[in-house]
1. Given the options 176, 153, name the one that is buried (at least 16 other Cβ atoms within 10 Å of the Cβ), outside any strand (DSSP E or B) and touching a residue at least 12 places away in the same chain (Cβ under 8 Å).
2. Does the range 159-173 contain any residue that is over 14 Å from residue 126 (Cα atoms), modelled with pLDDT under 95 and more than 18 Å from the chain's Cα centre (by Cα)?
3. Take the range 82-100 and flag every residue that is in a helix (DSSP H, G or I) and touching a helix residue (DSSP H, G or I) at 6+ places or on another chain (Cβ under 7 Å).
4. Just need a number here: residues in the range 177-197 that are at pLDDT below 90 and either under 19 Å from residue 139 (Cβ atoms) or touching a helix residue (DSSP H, G or I) at 6+ places or on another chain (Cβ under 6 Å) (or both).
5. Being in a loop (DSSP other than H, G, I, E, B) and touching a helix residue (DSSP H, G or I) at 6+ places or on another chain (Cβ under 8 Å) is the filter here; which residues of the range 163-173 pass it?
6. Mind listing just one residue for me: the one in the range 49-91 that is over 17 Å from residue 10 (Cα atoms) and touching a residue at least 60 places away in the same chain (Cβ under 8 Å) and, of those, surrounded by the fewest Cβ atoms within 10 Å (Cβ to Cβ)?
7. Report every pair of residues separated by at least 6 positions or lying on different chains whose Cβ atoms are under 6 Å apart, first residue within the range 1-17 and farther than 24 Å from residue 95 by Cβ, second exposed (fewer than 13 other Cβ atoms within 10 Å of the Cβ).
8. Pull up the range 202-225, narrow it to residues that are modelled with pLDDT under 95, in contact with a helix residue (DSSP H, G or I) (Cβ under 8 Å, 6 or more places away or on another chain) and not in a loop (DSSP other than H, G, I, E, B), then point me to the one that is surrounded by the fewest Cβ atoms within 10 Å (Cβ to Cβ).
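The values are calculated or read from the model by the stated rules, or taken from the named source; none is laboratory data. Since we're looking at a predicted model, the values are computed, not measured. Note: ideal-geometry Cβ built from the backbone for every residue, glycine included; neighbour counts use all protein chains shown.
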């Protein structure tokens, strides 16, 4: 495969849909949210994307057969006053810088072909520490969007994230702005060490409120509770180890090497 392949699975008509992106990233926060939305909303797959910029890998399914790694786009027809949605999910982001730009261009081409009215890119903001109370940080393409998101509970910190937003979530905002598309990045604050369904639950809560769409969160919340138990055990291990690290000093080093 030399070129990225866009395969249209089904033709659908949507009214000024909103694009939601949730590809793998820090804490898998965005992926957890987008995958959960696809499942709970029973969205229908409309596009598959295969690219040489993905890792050289196939996925093995439960029945022992394989499939090529890919990104997928699902469509959701909003009920009553809900907006229509396009949701990007997938196995990986690009493994190359060139691929990030190419795939984001493809995502934006598709968005414009559907007359997308706004983009929400979802991800995680890693702190390097376990987070007790999850929050959602934001970035947006205009001051008007920043103020709108603040009213929805999104937190904005000056010059944060300090290193910028890397990958598809950042480029969708930057390249989207160049095309005149309003875009917001919602980042669940997470340690970055583990898959974080708790941070994902908070992002989903904020996003569903913004969109005016009810999404059953039970399955995601149950995963969050299980992960909290694991994190609790890890923290207990850290506390138990701390006195030895503080007082062991040179004595411990004699056993190394």
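1. Working: 153 fails: buried (at least 16 other Cβ atoms within 10 Å of the Cβ).
Going through 176, 153 in turn, the sole match is 176.
2. yes
3. First, pick out the residues of the range 82-100 that are in a helix (DSSP H, G or I): 97-100.
Passing the criteria: only 100.
4. Step one: list which residues in the range 177-197 are at pLDDT below 90, which gives 191-197.
Now drop any that are not either under 19 Å from residue 139 (Cβ atoms) or touching a helix residue (DSSP H, G or I) at 6+ places or on another chain (Cβ under 6 Å) (or both), which leaves 192, 195-197.
The number of residues fulfilling the criteria is 4.
5. Start the filter on the range 163-173 by keeping residues that are in a loop (DSSP other than H, G, I, E, B), which leaves 163-167.
Passing the criteria: 164, 165, 167.
6. Going through the range 49-91, the residues over 17 Å from residue 10 (Cα atoms) turn out to be 51-69, 78-83, 90-91.
Imposing the further condition that a residue be touching a residue at least 60 places away in the same chain (Cβ under 8 Å) reduces the set to 78, 81-83, 90-91.
Details: 78: 17, 81: 7, 82: 15, 83: 17, 90: 23, 91: 18.
It comes out as 81.
7. Between residues of the range 1-17 that are farther than 24 Å from residue 95 by Cβ and residues that are exposed (fewer than 13 other Cβ atoms within 10 Å of the Cβ), the close pairs are 16/115.
8. It comes out as 219.
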